[in-house]
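Below you'll find the structure I mean.
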Amino acid sequence: MSALPIDASPEEASESSPRPWALSPSRAADFMSCPLLYRFRVIDRLPEPPSSVATRGTLVHAVLERLFDVPAADRTIERAAESLEPQWQQLLAERPELAELFGSDDEGSLAQWLASARRLLETYFSLEDPRRIEPAQRELLVEAELAGGTAGIRLRGFVDRVDVAPDGRVRIVDYKTGNAPSELFEDKALFQLKFYGLVLWRVTGTIPSLLQLIYLGDGQLLRYQPDEADLLATERKVRALWDAIERALANQHFPARRSRLCDWCAHQAICPEFGGTPPSYPQPVGEASIAPVDEPDWLDDAL
């Protein structure tokens, strides 16, 4: 398996023929939890301030991805911990705004934050021995199109890790830097991996043998063995969700939906649920001008 080409930027896309909108697990979760949040992120593209929790997730994922670049014998907790500071500096170079998280006189907080990232890595090493794993893919961009909607449904996302056994069995692995959900919310957590499983099935014709979530916050593993019926049910859910999104787009109506997730929302000041007023609905020039910005799904781990 190999990553499919990443789309052109919105500016480049506007100069070529429009492509169907893409739906990622994160954006699907946004719409299901609060259609207005989906609008803010996908259509309005409102900026959101960086958070230390989400940035820590970025850092830990980067360290775990690059851990497999070194020989198996060198994949130790010490090697992983030593790479935290260099990876942090690389993140700062790529996203200078992250410097706002820690002021120049806040070295103590930065040290504590890096120490908390190390604890997450230690939890990972208590759950897996990376010296015995050779991933087939890391941070894999997966993409597939389904017939339906007004212009087709394009599914895409980033898979943390894909492992392929010698007998061809496929395991999809996703790291979460938060805690495992209660049993009541396991299905919601597994939706992301079933989404990836559906895409890989449609691209390769192979149903993954195992979906695995690794929760670094509390050291829990959530495993699920999907079958064709599971993935077909996920496809039906995606199609129904896409129909709802298209209706919202046609009516330019994305209602707010209050929940406990509002505590982490960066847009309370303009949310009707909190007495705010959303900006005027943007008038797109074409599909490409409001195509969603795709991001790795670990950016939502804190939620």
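Every number in this text was worked out from the coordinates using simple rules, so none of it is lab data. Remember, it's a predicted structure, so these values are computed and weren't measured experimentally. For neighbour counting, all protein chains shown are included, and Cβ atoms are generated from backbone atoms with ideal geometry for every residue, glycine included.
Quick one: which of 196-203, 259-266 comes out on top by average Cβ neighbours within 10 Å, and what's the full order, highest first?
My ranking of the peptides, most packed first, is 196-203, 259-266.
Distances longer than 21 Å among the Cα atoms of the stretch 136-226: what percent of all pairs is that?
33 percent
For Glu273, put the label point 7 Å out on the Cα→Cβ axis and report which residues of the stretch 27-56 keep their amide N under 17 Å from it.
Zone members listed by number: 27-42.
Which shape class applies to the stretch 67-122: rounded if a/c is under 1.5, otherwise prolate when a/b exceeds b/c and oblate if not, where a ≥ b ≥ c are the square roots of the Cα gyration tensor eigenvalues?
Since a/c reaches 1.5 but b/c is at least a/b, the shape of the stretch 67-122 is classed as oblate.
What ranking, highest mean first, results for peptides 36-47, 115-126 when packing means the other Cβ atoms within 10 Å averaged over each residue?
36-47, 115-126
Just the Kirkwood number for the stretch 195-289, please: inverse of mean 1/r across all distinct Cα pairs, in Å, one decimal.
17.3 Å
For His61, His267, His253, which order do you get if you count the other beta carbons within 10 Å of each Cβ and list the fewest first?
His253, His267, His61
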